[in-house]
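Here it is, the structure in full.
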Amino acid sequence: MHVKKKITLSEVFVSSSSIVWMVLFFLVPSILIYTYAFKPSDIYGGISEGWTLETIFSLSNILYLKLLFRTLGLSALTTIICLILAVPLGYQMITISKRGRNLLLMLVIVPFWSSLLIRIFAWKTLLHPEGIFHQFLAQIDLLSPNTPLLYNSIAVTFVMVYTYLPFAVLPIYASATKFKLQLIEAAMDLGASKTQAIYKVFLPGIEKGIAAAALMVFIPAVGTYVIPDLVGGINSEMLGNKIAQKTFVERNLPQASALSVLLAVVVFCILMVIRRYTGMQKKVRVYDEVRNRE
């Protein structure tokens with residue numbers, strides 16, 4: 001018999017404060033953005049009276065679609081590279097000594113001690129034709145002196161990986177700390193190589209951490225505009241740059257809101273498809289396990 005737990009006054013107070021915070025600082029601004037997307041713009045940079053679908057229809061512009069696909073592509077590439085770098089690092093962090101683990105954690109967290117703008121300008125200096133990194137690659141004949149490292153998609157991706165890599169390392173490390181290394185040893189005792197054990201035992205064991213890391217990298221990467229604005233060029237502009245331009249330069253808040261809604265809806269649809277796919281994969285695994293037991 002299921003007995004309902006009586007909710008105490010303290011639980012109601014704690015929950016209500018969280019709900020009020022989410023409503024004021026997340027739900028209300030989101031509703032305003034979605035509302036402005038259906039309002040006409042004012043020539044003075046404000047919001048006019050009435051409602052219109054013209055702003056929504058303008059999203060079919062080929063320029064916006066190109067920016068959208070470029071944004072999704074660079075964000076997905078950044079996420080993949082961060083996961084490729086973070087998974088081995090997370091594995092090493094649970095296999096080394098506690099002192100070495102703390103040192104690696106400190107190295108991951110140290111970049112957060114300085115401003116994001118300072119870090120981006122530092123990489124801009126390094127990637128400049130007269131920067132140390134560019135000159136070093138040119139001296140060892142890995143790069144032509146005339147080859148630009150700045151103002152292209154490669155520079156944007158590189159700096160985005162540097163910026164968001166800690167967001168991938170920390171969730172994977174948190175999930176890896178709960179993983180039992182004895183499972184890898186057991187798989188190797190049964191004949192699997194270390195690579196096979198990591199691929200078939202370790203990765204499925206931290207899949208929740210990998211999923212959390214992918215979300216924590218992909219979502220902020222999709223909305224970034226400072227990195228492509230400072231180290232990117234015309235051909236590496238992202239949708240966040242266009243939203244900032246519509247907001248601060250052209251002062252067209254309805255257009256900026258419509259672009260924000262477009263980006264949010266596309267990302268939401270992608271996340272729902274991924275969630276549905278992973279849910280189907282789990283059902284298939286459960287079905288296979290039941291069949292094997294029978």
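For the stretch 1-135, what is the largest minus smallest coordinate of the Cα atoms on each principal axis, given in angstrom and ordered from greatest to least?
In descending order, the Cα extents are 65, 61, 30 Å.
Take each of the peptides 48-56, 171-179, average the number of other beta-carbon atoms within 10 Å over its residues, and list them starting from the highest. Show your work: numbers first, answer last.
On the way: 48-56: 12.0, 171-179: 18.8.
Ranking, from highest mean packing down: 171-179, 48-56.
If R0 is 30 Å, what FRET efficiency do you get for residue 85 and residue 146 from their C-beta distance, rounded to 0.05? Display every interim value, and only then the final one.
Working: r = 30 Å, r/R0 = 0.99.
Efficiency for this residue pair is about 0.50.
If each Cα of the stretch 58-142 is one equal point scatterer, what is log10 of I(q)/I(0) from the Debye formula at q = 0.12, 0.19, 0.20 Å⁻¹?
These q points yield log10 I(q)/I(0) values of -0.69, -1.10, -1.10.
Which parts of the stretch 18-33 would a label at residue 116 reach, counting a residue when its backbone N lies under 18 Å from a point 7 Å out along Cα-to-Cβ?
26
Over every pair of different alpha-carbon atoms in the stretch 167-260, take the mean of 1/r and invert it; report that Kirkwood radius in Å.
On the way: mean 1/r = 0.0610 Å⁻¹.
16.4 Å is the Kirkwood radius here.
Among 192, 240, 219, flag the residue with its Cα farthest along the positive direction of the charge dipole of the stretch 45-278, charges on Cβ as +1 for Lys/Arg and -1 for Asp/Glu.
It is 192, whose Cα lies furthest towards the positive end.
Largest first and to the nearest Å, give the Cα extent of the stretch 45-278 along each principal axis.
The principal-axis extents, from largest down, are 70, 50, 30 Å.
I've got another one for you. If I histogram all Cα-Cα distances within the stretch 120-163 using bins 5 Å wide from 0, what percent of pairs lands in each bin?
Bin by bin from 0 Å, the calculated values are 5, 25, 32, 25, 12, 1.
Quote to one decimal, in nm, the extra length available between residue 226 and residue 266 on full extension: 0.36 nm per residue of separation minus the C-alpha distance between them. Could the numbers behind the result be given before it?
Values: separation 40, 0.36 × 40 = 14.40 nm, distance 2.11 nm.
Here the answer is 12.3 nm.
In addition: Give me the dipole magnitude in Debye, nearest 20, for the chain about the Cα centre, with unit charges on the beta carbon: positive for Lys and Arg, negative for Asp and Glu.
On the way: 26 positive and 15 negative charges, 236 e Å.
It works out to roughly 1140 debye.
Still on this structure, please answer the following. For the residue pair residue 190 and residue 97, what label-to-label distance in nm results when each label sits 7 Å from Cα along the Cα-to-beta-carbon direction?
Between residue 190 and residue 97, the simple spin-label model gives 3.4 nm.
Assuming 0.36 nm per residue, please report the length gained on full extension of the stretch residue 139 to residue 9 beyond their Cα-Cα distance.
Working: separation 130, 0.36 × 130 = 46.80 nm, distance 6.91 nm.
Result for the pair: 39.9 nm of gain on full extension.
Continuing with the same structure: Order these peptides, 24-36, 198-210, by their mean beta-carbon neighbour count within 10 angstrom, highest first. Please list the in-between numbers first.
Values: 24-36: 12.4, 198-210: 16.5.
Highest to lowest by the protection proxy: 198-210, 24-36.
At 7 Å along the Cα-to-beta-carbon direction for both residue 154 and residue 219, put a label point, then send me their distance in nm to one decimal.
In this crude spin-label approximation the distance works out to 3.3 nm.
In addition: How high is the relative contact order of the stretch 45-278? Use alpha-carbon pairs under 8 Å, at least six apart in sequence, and give a whole percent.
Details: 226 pairs, mean separation 69.4, N = 234.
Relative contact order of the stretch 45-278: 30 percent.
Quick note: the coordinates plus some simple rules give every number you see, no bench work behind them. Computed from a predicted model, the values in this text were never measured in an experiment. Quick reminder, even Gly has a Cβ in these numbers, built from the backbone with ideal geometry, and neighbours come from all protein chains shown.
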